[in-house]
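Below: the structure, in structure tokens.
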Amino acid sequence: MSEFEKLENMDGQVINSKRKPKLIIEKYLRDESKHKDRDIATIHYDFALNNIFVQYQFGEGQITQSKRLFIKPTVANSKDFDPESVTEHIVYPYEGHLEPHESYTLLQEMLNAEIEAVRAISKLEDEVIEILENRSRERSECKLKINSLDWDRNYKTRKLLQIKKDKKLAVVERENAENIDYALPYLESGKIPYKYDKVSKIRDKVVSKFRQNTINQFIRVKNSFLKKESKMRSITMALEKDNLNVELKNEMLKLGSSMKNELEVLTLKLQRYKEIRAERYNNLVMYLNSKPEFKMLPPLKLLDSNGT
């Protein structure tokens, strides 16, 4: 783990693209070949406080850890080394305090390790910057070129979209049409003269298909109503907030007004569902009863306005 600080001038501009590390923490896994209390767990290289803090692993049965704090000296000569610059907290009986020459030797090892840590962090930063620069360059350059007039490439997609659009249009036309020959597809596939059982099955299919279509239509209207109702509720809740600007509030009021009109139309459709369903069913019954092919069958009964 590492923390960085930027070097800036008086105007707040960065004068050096390379950031200066403030703190580097290196973690070590336990080395089974070493004694437990001599296996270093973490080293803190603190450049702001100019010290190195070493914290060792827990020894067997220990509830505290051995620690050493090295204040980095201003001289490099072992003769001028101040042993007081090393603060030790050692858990006995694992090891004792270091002799002055041992402290100096260990400090030199820590300083060399610090230099390597700074190099590793600097190299990592260079690699990350290079990755980000390459990624930014790739995103700024449009490499994928698509010809919107390429009919061969987009033919299948357009065909599927057209089929889907035609199906929706057919449903709408069927719902709005006044005179529909429901039985024609079934009668055309049959053989003349029609037998009683065949004609009875055809009429049952026509009635069953009609009922299923009316149920599907009701479900579509109801789902549309629920979606618009939820959207209307969200708009109402948003308008109750005080942090809206005037322009956004006016846009939401227009949208809410339009949504309210659509909800009123859908509500009327749902309320008149039984009545309209009975009216359309009676039209179908009169059509089937008047069809010469169904004259041999007992006539179907009409429904009242309540659908019974």
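The values are calculated or read from the model by the stated rules, or taken from the named source; none is laboratory data. Bear in mind the structure is a predicted one, so any value in this text is a computation, not a measurement. Positions of Cβ are generated from backbone atoms using ideal geometry, with glycine treated the same way; all protein chains shown enter the neighbour counts.
The figures follow:
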{"quantity": "Verdict on Lys79 being among the basic types (Lys, Arg) and either at positive phi or at pLDDT 70 or above (or both)", "calculated": "no"}
{"quantity": "Positions within the stretch 292-301 being assigned to a loop (DSSP other than H, G, I, E, B), in contact (Cβ under 8 Å) with a residue 40 or more places away in the chain and within 14 Å of Asp204 (Cβ to Cβ), in sequence order", "calculated": "Leu297, Leu300"}
{"quantity": "Tally of residues being in contact with a Lys or Arg (Cβ under 7 Å, 6 or more places away or on another chain) and modelled with pLDDT of 85 or more across the stretch 180-222", "calculated": "2"}
{"quantity": "Criterion: within 41 Å of the chain's Cα centre (by Cα), at pLDDT 70 or above, more than 18 Å from Lys20 (Cα to Cα) and surrounded by 10 or more Cβ atoms within 10 Å (Cβ to Cβ) - qualifying residue of Ile121, Ile71, Ile129, Ile43", "calculated": "Ile43"}
{"quantity": "Qualifying residue in the stretch 246-268 (condition: closer than 28 Å to Lys301 by Cα and not acidic (Asp, Glu))", "calculated": "yes"}
